[in-house]
Amino acid sequence: MKVRFLSCLSLLALAACALLLPEQAMASGHHLPGKELSVVWAIPFACMLLSIALGPLLVPHFWEHHFGKVSVFWGLAFLIPCAMVYGWQTATYEALHSIIGEYIPFIILLFALFTVAGGVRLKGTLVGTPAVNAGLLGIGTLLASWMGTTGAAMLLIRPLLRANAHRKYRAHQVVFFIFLVANVGGSLTPLGDPPLFLGYLKGVSFFWTFQHLIVKTVIAAAILLAIFFALDSYLFAKEGRPAGPTNDKGEKLGVEGTINLLLLACIVAAVLVSGLIDLGSWGDIMDVPLSGNNFVRDCILLLIAAASWILTSRRSRNLNGFTWAPIMEVGKLFFGIFLSMIPAIAILKAGTEGALSGLINMVFHEGQPVNAAFFWLTGCLSSFLDNAPTYVVFFNTAGGDPNVLMGPMGDTLAAISAGAVFMGANTYIGNAPNFMVKNSAERAGVEMPSFFGYMGWSLAILVPIFVVDTVAFFL
């Protein structure tokens with residue numbers, strides 16, 4: 001209801017602006033002309049990112065209670081000037097297109113995965129030794145490509161947090177969990193991460209990414225797990241090798257809420273089937289088409305979430321530490337992100353004719369693709385923009401023909417795919433599960449790094465691994 005209220009607030013503000021606009025402004029058309037936009041239009045998006053980074057540090061009390069309003073403010077900071085310059089129809093169209101076509105399907109999928117995965121509880125007591133922790137991260141990395149990074153992350157973050165509740169140093173465990181389970185692990189199938197699913201819809205074979213990214217993924221995951229095990233072992237010894245709590249509840253190690261595992265499979269099936277059928281458009285709202293596929297899939301996902309809520313005992317969810325706070329935070333923040341990043345995506349889609357033509361021109365040299373540039377540009381932009389449209393931009397920049405990209409330009413498609421998925425781990429906003437994991441950890445008492453503090457971890461650990469990938473596979 002709160003997200004719906006924020007959406008309505010934005011549209012009401014646009015309608016109010018429309019009353020003040022001259023008629024000629026209304027005739028500018030519906031699509032935002034990316035070729036005409038300067039990078040100045042991306043300032044609200046940059047401010048949105050800075051708010052996420054600095055708000056919790058500089059004004060923590062204000063941010064905790066009002067970050068949703070800040071998110072709406074930066075969305076309107078783009079939409080209102082857009083209405084004034086290009087007309088209320090263009091601004092409303094772009095807002096509706098982003099909300100209906102992208103944000104609502106995005107948040108419903110996350111909501112369903114969050115609700116269902118939160119109903120699975122690992123019973124008994126796991127003690128967070130370095131071996132157990134590395135095992136949990138390894139299992140999550142394996143699961144991520146088959147049940148999605150969000151599903152795997154929400155399934156395993158709570159057992160990891162409970163297993164280490166007695167430990168003094170825990171933030172590094174969550175950071176590596178984000179690296180591996182919420183990002184790198186989702187690189188092998190279209191089910192793992194949204195960019196790869198969009199590639200699947202565009203004609204990339206289901207197992208193509210598995211065949212061409214398996215070595216890269218295994219190397220990255222193995223290095224990360226080795227670093228984690230060494231670091232966790234050092235900190236475990238520094239803490240005096242704490243024994244951990246005893247199992248005073250008499251529970252045997254097992255899984256509770258197993259019906260949710262079946263429901264997770266249903267979510268995966270619903271997403272996969274929605275990409276195989278075409279139900280066409282079921283009307284439109286102010287020229288924004290309503291996708292039949294999206295509508296049916298989203299209704300099914302909501303029904304699955306409702307079934308999980310009904311079939312899982314409240315006691316089990318309470319013991320699992322389940323709260324709605326992580327999905328609420330993601331819903332509010334990404335509402336503003338989706339709106340404020342509209343001009344940045346439009347500029348990127350303009351390609352060599354847009355204000356970021358210099359970046360786009362870097363990916364080709366004398367007519368030949370520069371795979372290292374595709375890897376780093378796709379990755380760096382995916383670290384701050386939604387990685388799904390960023391993937392599509394560079395997919396199209398590389399020619400957009402799936403047969404060519406899976407054939408003679410296979411290394412280029414691999415670079416785009418790896419960049420979009422791997423580098424979502426570079427920042428908290430690079431992938432939605434990152435925020436959800438962070439919120440879950442903080443509510444469990446883990447003092448997580450700040451926005452820039454987390455980037456310090458990614459720069460120190462991930463970037464050298466990406467350099468290795470570049471030298472080994474993309475030069």
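The values are calculated or read from the model by the stated rules, or taken from the named source; none is laboratory data. Since the model is a prediction, treat every value here as computed from it, not as a measurement. Reconstructed Cβ throughout: ideal geometry from the backbone, glycine too, with neighbour counts over all protein chains shown. For the accessible areas, the whole protein counts, side chains as well, though only heavy atoms, and no ligand, DNA or RNA atoms are used. Shrake-Rupley method; radii C 1.70, N 1.55, O 1.52, S 1.80 Å.
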Quiz item: Any idea which of Phe394, Phe375 is farther than 25 Å from Leu155 by Cα and either of a type in the set (Lys, Arg) or in contact (Cβ under 8 Å) with a residue 40 or more places away in the chain (or both)?
Solution: Phe375
Exercise. Could you please find all residues in region 111-164 being open to solvent by 10 Å² or more (accessible area, probe 1.4 Å), over 12 Å from Leu264 (Cα atoms), aliphatic (A, V, I, L, M) and part of a helix (DSSP H, G or I)?
Key: Ala131, Val132, Ala134, Leu136, Ile139, Leu142, Leu156, Leu161
Quiz item: Taking region 269-283 as the region of interest, how many residues are under 12 Å from Ile300 (Cβ atoms) and of a type in the set (Val, Ile, Thr)?
Solution: 2
Exercise. Any chance you could count how many residues in region 73-99 are surrounded by fewer than 20 Cβ atoms within 10 Å (Cβ to Cβ) and in contact (Cβ under 8 Å) with a residue 60 or more places away in the chain?
Key: 5
Quiz item: If the Cβ limit is 9 Å and pairs must be 6+ apart or interchain, which residue in region 250-270 that is under 13 Å from Gly151 (Cβ atoms) pairs with which residue that is of a type in the set (A, V, I, L, M) and not in a helix (DSSP H, G or I)?
Solution: Asn260/Val120; Leu261/Val120; Leu261/Val255; Leu264/Val120; Val268/Leu191
Quiz item: When you go through Phe384, Phe334, Phe338 one by one, which is the residue that is at pLDDT 85 or above, open to solvent by 40 Å² or more (accessible area, probe 1.4 Å) and on the phi < 0 side of the Ramachandran plot?
Solution: Phe384
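State all residues of region 28-50 that are open to solvent by 20 Å² or more (accessible area, probe 1.4 Å) and either over 22 Å from Trp88 (Cα atoms) or of a type in the set (S, T, N, Q) (or both); if no residue qualifies, say none.
Ser28, Ser38, Ala46, Cys47, Leu49, Leu50
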Exercise. Filter region 338-381 for residues that are under 17 Å from Thr470 (Cα atoms) and aliphatic (A, V, I, L, M) and give the result.
Key: Met362, Val363, Val370, Ala372, Ala373, Leu377, Leu381
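What do you reckon, is Gly445 open to solvent by 10 Å² or more (accessible area, probe 1.4 Å), more than 17 Å from Thr470 (Cβ to Cβ), more than 16 Å from the chain's Cα centre (by Cα) and modelled with pLDDT of 90 or more?
yes
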Quiz item: Quick one: which of Val404, Val393, Val421 is assigned to a helix (DSSP H, G or I), more than 23 Å from the chain's Cα centre (by Cα), among the β-branched types (Val, Ile, Thr) and under 22 Å from Trp208 (Cβ atoms)?
Solution: Val404
